[in-house]
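Below you'll find the structure, written out as structure tokens, and then a few comments.
The values are calculated or read from the model by the stated rules, or taken from the named source; none is laboratory data. What you see is a predicted model, and the numbers here were worked out from it, not measured in a lab. Cβ: placed from backbone, ideal geometry, glycine included. Neighbour counts: every protein chain shown.
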Amino acid sequence: MTESVKFLHHPTSQPCRAVHQLMLETGVPFEEVIVNLMDGENETEDFKTTYNPTGQVPVLVDGDFTLWESAAIGFYLAERFDLPGNWLGRDMRQRALIQQYTHFHSTMLRRGAGAFFYTRFAECIWGPRDYSAEIAMGRYMLEQSMPVLETWLETHSHLCGDEISFADLLAFHEFVSHEAGAIIPPRGLGALPAHPRLVRAAAGPPAGPGGQRHDHGGGRDAPGRANDPDDPPHLAGQGHRGQARPAGLNRARFLLACVGARP
């Protein structure tokens, strides 16, 4: 195994952003490779043979080992780099709860991403046609998922307990795209009174270990950003790859700004 891993991703992908944030939050050393989804780089025979036969991102390469699917990558990173236990589970039951969420996520909330994808990106990739059925199915899956998330948040501050975990990152980045793509009302579902706890959770990155919040860009109106004591060393006072961190951006939007993309 190498000291660092190679991370193939695209910032418009919600699962990619969740894994990306996990690595940034925990200081995992990685080499970043942007895969050009818009030009179909991920659909080439070379990409599918070398990295992922489904043509999807994210993909993690650790020496001669290649892994895809965001949940699998998260659990691998937790063991590979001995990440703090809150992220992927400190014990058997906590790991089981996070695994439970990742299964729910892939079959429910993730399928809701179709509302965003088919509204904002499908035509760019496949050309103009009627995507209304796909958009309607995505909206239906999103609407079916939100009450379940609300139920989990009734008893805990986070989706899998009272500490931030990878489950929270997976869910948060779905809503970043839904908000940016105008699938849901702006500012974290604020016009959806049926889901007050989900509104609070989606308004910004959840509180991390010890209760601090991970809104690394400050508030929406913040004039700038001070260093967070929990920043990984390579992020202290700067953006990824040495860029100045934009003021007024939360971590999710900062990741997008780093590569000049929008969700």
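Within region 57-67, none of the residues are acidic (D, E), assigned to a helix (DSSP H, G or I) and not assigned by TED's automatic domain parsing to the domain that holds G161.
The listed residues are Y118, Y51, and the only one of them that is surrounded by 17 or more Cβ atoms within 10 Å (Cβ to Cβ), over 30 Å from E150 (Cβ atoms) and over 17 Å from the mean Cα position of the chain (by Cα) turns out to be Y51.
In summary, E79 fulfils each of the numbered conditions (1) over 17 Å from L169 (Cβ atoms); (2) assigned to a helix (DSSP H, G or I); (3) touching a helix residue (DSSP H, G or I) at 6+ places or on another chain (Cβ under 7 Å) with the single exception of condition (3). If Y51 satisfies every condition in (1) free of Cβ contacts under 8 Å to residues at least 40 places away in the same chain; (2) farther than 30 Å from P185 by Cα but one, which is the exception? Failing condition for Y51: (1). A count restricted to region 69-82 and to residues that are of a type in the set (F, W, Y), within 23 Å of R110 (Cα to Cα) and surrounded by fewer than 19 Cβ atoms within 10 Å (Cβ to Cβ) stands at 1. When E25 is tested against (1) charged (D, E, K, R); (2) at pLDDT 95 or above; (3) more than 25 Å from I125 (Cβ to Cβ); (4) outside any strand (DSSP E or B), only condition (2) is not met.
Going through region 28-55 one residue at a time, which ones are part of a loop (DSSP other than H, G, I, E, B), modelled with pLDDT under 95 and not aliphatic (A, V, I, L, M)?
N36, D39, G40, listed by residue number.
The set of residues from region 83-138 being in contact (Cβ under 8 Å) with a residue 24 or more places away in the chain, outside any helix (DSSP H, G or I) and over 20 Å from Q21 (Cα atoms) comprises just one member, F121.
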